[in-house]
Amino acid sequence: MLRLRNWLVFLGLLLFLIFQQTTAQFHGFPLYEKAINSLKNVNSVQLSSKAFSYAKAMPSIENILENLAVDANNLANLTADCSEDVDLLVTEAKNLFQGGGSHFTETMLKVFDSSGKISSGILLGNKRFFGLFKECQAIEYDLGNRTFAGKYSHVKFAIGGANETTCASNTFTIDLCLPKTCSSTDIAIIVNGALNSEIVCEVQSLPREAHANAGTWITLVIIGVVLFLGVTASVFDYFVLPYHKQEPYVNFSWYLSADMQMFIFTPVILVPLAIKKSYGVITALALLALSTIANVIQMYHYYFPPSQGGFEGGDDPRMTVDSTAYNALMYNAPWIRCQVYIVGMLTGVLLHSFKKLKIPMIIQIAGWITTAAIFYGCMFSLKSYFLGHVIPLGWRTLFSAASKPLWGVALSWIVITCFYGYEKHGNPVNNFKKSISKEIAVEANDLVHRRQQHISTIEMPIEANEKAKSTKSYTEEKWS
């Protein structure tokens, strides 16, 4: 009991020190002091209404429009177009506060929704309140003689008043969506006037359209250099390696090269995807189609087999190249392997786009039947080839070009159904979940065993040679 009591005392002291250290970081922080003083000066009945009244001192879009609705005298100092647009916002805000509305209500709600909100954790150091850039920039409303449009701005402010000292530290930043016609100076006037205090330190308004700067060109140059190196490496693999037979030290090291090259080329899809989701999807599908076309052309040009199998199956007598060329141009080639990679990226886009997705039962059944059919076809359709029969060129080309992306689609279906929670209701994945750890362990042991076996086959001739030399030397010494 004594030992337990000592541990409890030690734990209490530790928590006290942590609390003291944490609160010490915020002493001298104006908002912290104001909040603590508010808590000290009210009783439990008043706590809910007065303790956190400092929120009214924050330049949120709600506070700004609410204050301007009461006193709009500060609008006189704005530029003409900005004043007209802000007055429109204030008028509509009054209508909303009174339960009314107009055709401009939806635009007004978008202004509210896309602006930053005062969030939790201020006493723990949260000083950045984000809005939604795309929603604000998309705001456009036809007023007849002109168009009302939104402009997204970062407003840096200090609660205790903006001066050289406070703006250098203890500042907050909130994102506001205000009319496009308002300049940074106008926005500072609006915020300061609405809150009756000079609190704005800086306003950074983001352009509605992106413009290239030095950083943009530097990034593009870096991406261009990386792509050039990737293309050069691929061309080298294509034209040089097929004519230089080399056995790699570890027979699965080709995967590292192929995977790295595919990773380097991902900006080709990611950049269009960042600009607009449909651009990225179209680019990915186009690359998938080009990879499939390259697969078909190489199959018909070289009369390749349907898959790598040590060329133990029925080979086409018209094929004039060996396994080295097949490995370099088909099996190890990133422009062929990228099919599954692209399917995986498209699956990621789907999962990111839809946080929830209802899959009808008929689609679930069809999906699992299709998945099972794909797995079965990929694993057993080459039976006749491995028994020594020559498969017609058209059929083996179909297998070579379609098996990889279809395999990726089947795996993606499992990922999609698990991600959206359908593994709990009749999903076949749920049946082997309990044994998956055992299967992974068995597979890992098999891979390690294969690697050791491969290294042993490399070292055995060396050891045998050294042993023979040692035996010969011993025999000569014995009989001499």
Surrounded by fewer than 13 Cβ atoms within 10 Å (Cβ to Cβ) and either assigned to a loop (DSSP other than H, G, I, E, B) or modelled with pLDDT of 80 or more (or both): is that true of Phe236 in this structure? no
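Could you list all residues from region 72-108 that are of a type in the set (A, V, I, L, M, F, W, C) and free of Cβ contacts under 8 Å to residues at least 12 places away in the same chain?
Within region 72-108, Ala76, Ala80 meet the criteria.
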Residues being of a type in the set (D, E, K, R) and either more than 20 Å from Asn327 (Cα to Cα) or in contact with a strand residue (DSSP E or B) (Cβ under 8 Å, 6 or more places away or on another chain) (or both): count how many of those fall in region 373-401. 1
What number goes with the only condition from (1) closer than 30 Å to Val235 by Cα; (2) out of contact with any helix residue (DSSP H, G or I) (no Cβ under 9 Å at 6 or more places or on another chain) that Lys356 does not pass? (1)
State yes or no: is Ser291 buried (at least 16 other Cβ atoms within 10 Å of the Cβ), assigned to a loop (DSSP other than H, G, I, E, B) and touching a residue at least 24 places away in the same chain (Cβ under 8 Å)? no
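Each row is one residue, and each column tells you yes or no for (1) outside any loop (DSSP other than H, G, I, E, B); (2) assigned by TED's automatic domain parsing to the domain that holds Ala258; (3) under 30 Å from the mean Cα position of the chain (by Cα); (4) within 26 Å of Ala284 (Cα to Cα).
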site	(1), (2), (3), (4)
Gly367	yes, yes, yes, yes
Tyr376	yes, yes, no, no
Arg396	yes, yes, no, yes
Trp407	yes, yes, yes, yes
Ala410	yes, yes, yes, yes
Confirm whether Val321 is in contact with a Phe, Trp or Tyr (Cβ under 8 Å, 6 or more places away or on another chain), in the same structural domain as Leu227 (by TED's automatic domain parsing) and closer than 28 Å to Tyr420 by Cβ. no
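The values are calculated or read from the model by the stated rules, or taken from the named source; none is laboratory data. What you are looking at is a predicted structure, and each value in this text was computed from that prediction instead of being measured. As a convention, Cβ positions derive from the backbone with ideal geometry for all residues, glycine included, and neighbour counts pool all protein chains shown.
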